[in-house]
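**Q** Mind having a look at this structure? Questions to follow.
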Amino acid sequence: MSKIEYEVPDAGHVTIKIVDIIGTQVRVLMNNHEKPGRYTADLKNEALEPGKYYYKIHLNPGKLQSKENDNNNLISSGQLKIEV
């Protein structure tokens, strides 16, 4: 089981995307409005093949989902390893 810990500095729309090693989006883990604070996203129910993945967490201060290529609102990113 993998967990992603992150902090939201300002209230807004948070999107967590999981991508494979070549950058293809494989899952949107979260797409919700969040208040400022520390959070943990759990991948226990996600059916991902074993391997290496990356996550990107975006925060859009407005109510609408952020643009796909807008890295100005990236608040965190990292690597995940899914094992059998």
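**Q** Kindly state, to the nearest 0.05, the FRET efficiency for Tyr54 paired with Asn32, given R0 = 25 Å and r defined as their beta-carbon distance.
**A** 0.75
**Q** Next up: Can you give the extra length, in nm with one decimal, that the chain gains between Glu5 and Lys81 once fully stretched, where that is 0.36 nm per residue apart less the Cα-Cα distance?
**A** The Glu5-Lys81 span can extend by a further 25.9 nm.
**Q** Here is a further query. Calculated FRET efficiency, Asp42 and Val19, Cβ-Cβ r, R0 22 Å, to nearest 0.05?
**A** Values: r = 18 Å, r/R0 = 0.83.
With a Förster radius of 22 Å, E is 0.75.
**Q** Quick one: dipole size for region 13-53, taken about the Cα centre, charges +1 on Lys/Arg Cβ and -1 on Asp/Glu Cβ, in debye to the nearest 20.
**A** Once rounded to the nearest 20, the dipole reads 160 debye.
**Q** Number of Lys pairs in region 1-64 with C-alpha atoms less than 15 angstrom apart, excluding same-chain neighbours closer than eight positions?
**A** Eligible lysine pairs with Cα atoms under 15 Å apart amount to 7.
Since every read-out is calculated from the coordinates, none of them should be taken as a lab result. For clarity, every value in this text was computed on a predicted model and none was experimentally measured. In this analysis, Cβ positions are derived from the backbone assuming ideal geometry, glycine residues included, and neighbour counts consider all displayed protein chains.
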